[in-house]
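The values are calculated or read from the model by the stated rules, or taken from the named source; none is laboratory data. This one's a predicted model, so the numbers in the text were calculated from it and none came from an experiment. No Cβ is skipped: glycine too gets one built from the backbone with ideal geometry, and neighbour counts run over all protein chains shown. Heavy atoms of the whole protein, side chains included, go into the accessibility calculation; ligands, DNA and RNA do not. Shrake-Rupley method; radii C 1.70, N 1.55, O 1.52, S 1.80 Å.
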Amino acid sequence: MRSNFEKELHELHDNFGRMGRLVSENIGRAVKSFIDHDKQQAQYVIDTDPSINGIEVELEKKSFEMIALQQPVTTDLRNIVTIMKASSDLERMADHAVSIAKATIKVKGEARVYGIEDEIAHTADLVIQLVIDALEAYRVQDDQWAREIAKQDISIDKQAKKINAHIISEMKKDPDTILGNTYYMLVTSYLERIGDYATNICEWVVYLKTGKLIELNNHVKQDSQDN
């Protein structure tokens, strides 16, 4: 029984890792399609999203089956709960990648502001690295590293704030860029949210190793809300 359980748990971890790779790849594709105004690449992100959703559904289904049939305790149960919760965060990241792809299709042909696009591309690089690092911290189950990785989200939030200020300035300067800048603002918010979900995965790594539910970077988010 124990051998069978460990095999099923290993498969859960592998499928979660596969889902994570697909999500991080689609985030990269979505942003590149937006910057390049590449509708074909954007459509690919949209078309592949159902397969990512399918993995999340299967992970959840298998997790519930293992809890019901194997009745795991303590560490084993935390492993399963972490996979369920973290895969839900991955699915939401994938949804935001789809939103970026849809923005690509809608924004094509609008006036462009290349400086803002460069800033968005830089922010996307930070976000994708945060996602990759969070997934690696999960893979090696290093809660201390997860705490450090989560701090990367602070830079992402600062970048988003800077981009939004630039967007507002451009809107005032040139009314022809208003619609395009609105999409820039949306994409920036999607990237910021992806960073938040990656931070959630770091929190689940901490839970997995310690059994404690904590909120990382909460003071930073609170400070930004108060300002």
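Tabulated data for the structure shown
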quantity	calculated
Any chance Q159 is in contact with a His (Cβ under 8 Å, 6 or more places away or on another chain) and part of a helix (DSSP H, G or I)	yes
Tally, over region 214-227, of residues that are outside any helix (DSSP H, G or I), within 14 Å of R147 (Cβ to Cβ) and either more than 19 Å from the chain's Cα centre (by Cα) or at pLDDT 90 or above (or both)	3
Near pairs, Cβ below 6 angstrom, 6+ apart or cross-chain, from region 162-182 (free of Cβ contacts under 8 Å to residues at least 40 places away in the same chain and in a helix (DSSP H, G or I)) to any residue that is surrounded by 13 or more Cβ atoms within 10 Å (Cβ to Cβ) and not aliphatic (A, V, I, L, M)	M171/N181
Residue pairs meeting the criteria (Cβ under 9 Å; at least 6 apart or on separate chains; first at negative phi and among the basic types (K, R), in region 42-69; second open to solvent by 70 Å² or more (accessible area, probe 1.4 Å) and in a helix (DSSP H, G or I))	K62/E11
Some residue of region 75-86 being touching a residue at least 12 places away in the same chain (Cβ under 8 Å), among the polar types (S, T, N, Q), over 30 Å from N4 (Cα atoms) and surrounded by fewer than 21 Cβ atoms within 10 Å (Cβ to Cβ)	no
Filter result for the condition that a residue is under 18 Å from the mean Cα position of the chain (by Cα) and either open to solvent by 30 Å² or more (accessible area, probe 1.4 Å) or more than 30 Å from Q43 (Cβ to Cβ) (or both), over I105, I154	I154
Some residue of region 194-211 being within 23 Å of K85 (Cα to Cα), within 16 Å of the chain's Cα centre (by Cα), among the hydroxyl-bearing types (S, T, Y) and open to solvent by less than 10 Å² (accessible area, probe 1.4 Å)	yes
